[in-house]
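The values are calculated or read from the model by the stated rules, or taken from the named source; none is laboratory data. Bear in mind the structure is a predicted one, so any value in this text is a computation, not a measurement. A quick note on method: Cβ atoms are made from the backbone with ideal geometry, for glycine too, and the neighbour counts reach across all protein chains shown.
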Amino acid sequence: MEPARVRSPDPEAAVGRDLDLLVLGEVNPDIVVRAADPRPVFGQVERWVDGIDLVIGSSSVIFACGAARLGLRTAFAGVVGDDALGRFMLGAMAERGLEISAVRIDPHLPTGASVILSAASDRAILTAPGTIPRLRVADVPDALVARARHLHAGSFFLLDAARPDLPGLFAAARAAGATTSFDCNWDPREAWDGGIRALLAETDVFLPNAAEATGITGVDDVEVAARALAGLGPRVVAVKLGAEGALAVTAEGDAARCPALAVDPVDTTGAGDSFDAGFLAGWLAGRPLGACLALGVACGSLSTRGVGGTAAQPTLAEAEAAARAAGLPA
């Protein structure tokens, strides 16, 4: 049987575009607290932990760094504060090859930040929003959008200022020949709405995890939920299943599944974002659906070998080698 294929971007649309990917999203560092049991004990109890690290954070930035690591020419639009955490993020993003000319500095708000309590197989997150919800679609230069083959938005439910205008931006980008994707991430309000269906109608690839897919649809079966989401407009819905790997369905009804790679995780922060980067790298290259999933799973799995979301992100060659070693299509 022929492997399931998905309609990938028209190669002609890439002519004259010097960016593979433009990412819109939140910008914040992570302060990662690592321990077998990182839960604090109130009552002024002091406990030892294995380590505390200041690392690149935010789902959107981790995704963008993973894409750049895979060889995609990547630009970023977001907002930081005029403070030490903002300068840390701008420097770290530039070091990883991201074009950051569209990251706005807001002098009136602090850069958002997350404290992540990270155990071997789970984590809890405490986030101070700061500049996180302040990105506006008006902050994204039209000229930058015109340079990109593909437009991606991260953390849909956190982008309060941009969210109402994202469907219009996606529609304009598609009309100009680009393709689009987004990852909603968790909804802190747990309402699973906020105009997400309007954005799905203008989206080529949607990248939720299992909890998000079932939360949006109200359907408990993940594959049924993915098919319902594909019926709302996306060409492809790829769902992250954690230790069970990932699945994807297309608007035409094709489906594929991929098991997780066997790794000894150090920190699972950002694994889903690295999956997104791998899946989209495969999709933008016109790979079959199963190979896109394998590349995503390899990137997500390998990223857990280091502290934070970016330290262990693989190159394309490393991810392909890991997928082949696990018997997955690459």
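General remarks:
- Condition check for Ala92: under 24 Å from Pro314 (Cα atoms) and either without any contact (Cβ under 8 Å) to a residue 40 or more places away in the chain or out of contact with any Asp or Glu (no Cβ under 7 Å at 6 or more places or on another chain) (or both): yes
- Filter pass, Ala281 being touching a Pro at 6+ places or on another chain (Cβ under 6 Å), part of a helix (DSSP H, G or I) and under 21 Å from Val249 (Cβ atoms): no
- Hits in region 316-329 - residues which are under 21 Å from the mean Cα position of the chain (by Cα) and farther than 11 Å from Ala281 by Cβ: Ala317, Glu318, Ala322, Ala323
- Residue match in region 155-165 (condition: under 21 Å from Leu19 (Cα atoms) and in contact with a strand residue (DSSP E or B) (Cβ under 6 Å, 6 or more places away or on another chain)): no
- Unmet criterion (only one of (1) closer than 19 Å to Val249 by Cβ; (2) outside any helix (DSSP H, G or I); (3) of a type outside the set (Phe, Trp, Tyr)) for Pro314: (1)
- Some residue of region 219-229 being more than 29 Å from Ala162 (Cα to Cα), at pLDDT 95 or above and part of a loop (DSSP other than H, G, I, E, B): yes
- Among the residues of region 164-192, those identified as within 21 Å of Thr214 (Cα to Cα) and either surrounded by 15 or more Cβ atoms within 10 Å (Cβ to Cβ) or in contact (Cβ under 8 Å) with a residue 12 or more places away in the chain (or both) are Ser181, Phe182, Asp183, Cys184, Asn185, Trp186, Asp187, Pro188, Arg189, Glu190, Trp192.
Conditions tested, residue by residue: (1) free of Cβ contacts under 8 Å to residues at least 40 places away in the same chain; (2) buried (at least 24 other Cβ atoms within 10 Å of the Cβ).
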position	(1), (2)
Val224	yes, no
Pro265	no, no
Phe279	no, yes
Thr304	no, no
Ala322	no, no
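- Picking from residues in region 105-139 that are within 22 Å of Val41 (Cβ to Cβ) and of a type in the set (Val, Ile, Thr), the one that is surrounded by the most Cβ atoms within 10 Å (Cβ to Cβ) is Ile116.
- Residue check for Ala243: within 16 Å of the chain's Cα centre (by Cα), surrounded by fewer than 18 Cβ atoms within 10 Å (Cβ to Cβ), at negative phi and not in a strand (DSSP E or B): no
- For region 94-109, the count of residues that are touching a strand residue (DSSP E or B) at 6+ places or on another chain (Cβ under 7 Å), farther than 26 Å from Phe279 by Cα and assigned to a loop (DSSP other than H, G, I, E, B) is at least one.
- Failed item, numbered, when Leu126 is tested on (1) modelled with pLDDT under 95; (2) part of a loop (DSSP other than H, G, I, E, B): (2)
- Any hit, region 298-308, residues being in contact with a strand residue (DSSP E or B) (Cβ under 6 Å, 6 or more places away or on another chain) and closer than 20 Å to Gly242 by Cβ: yes
- Residue in region 214-229 that is closer than 27 Å to Leu21 by Cβ and among the hydroxyl-bearing types (Ser, Thr, Tyr) present: no
- Just one of the listed residues (Thr203, Thr269) is modelled with pLDDT under 95, buried (at least 24 other Cβ atoms within 10 Å of the Cβ) and out of contact with any His (no Cβ under 6 Å at 6 or more places or on another chain), and it is Thr269.
- Residue match in region 68-90 (condition: in contact with a helix residue (DSSP H, G or I) (Cβ under 8 Å, 6 or more places away or on another chain) and charged (D, E, K, R)): yes
- Region 142-163, subset in a helix (DSSP H, G or I) and touching an Asp or Glu at 6+ places or on another chain (Cβ under 6 Å), residue surrounded by the fewest Cβ atoms within 10 Å (Cβ to Cβ): Arg147
- Taking region 58-93 as the range and being closer than 22 Å to Gly272 by Cα, among the charged types (D, E, K, R) and surrounded by fewer than 23 Cβ atoms within 10 Å (Cβ to Cβ) as the test, only Arg73 passes.
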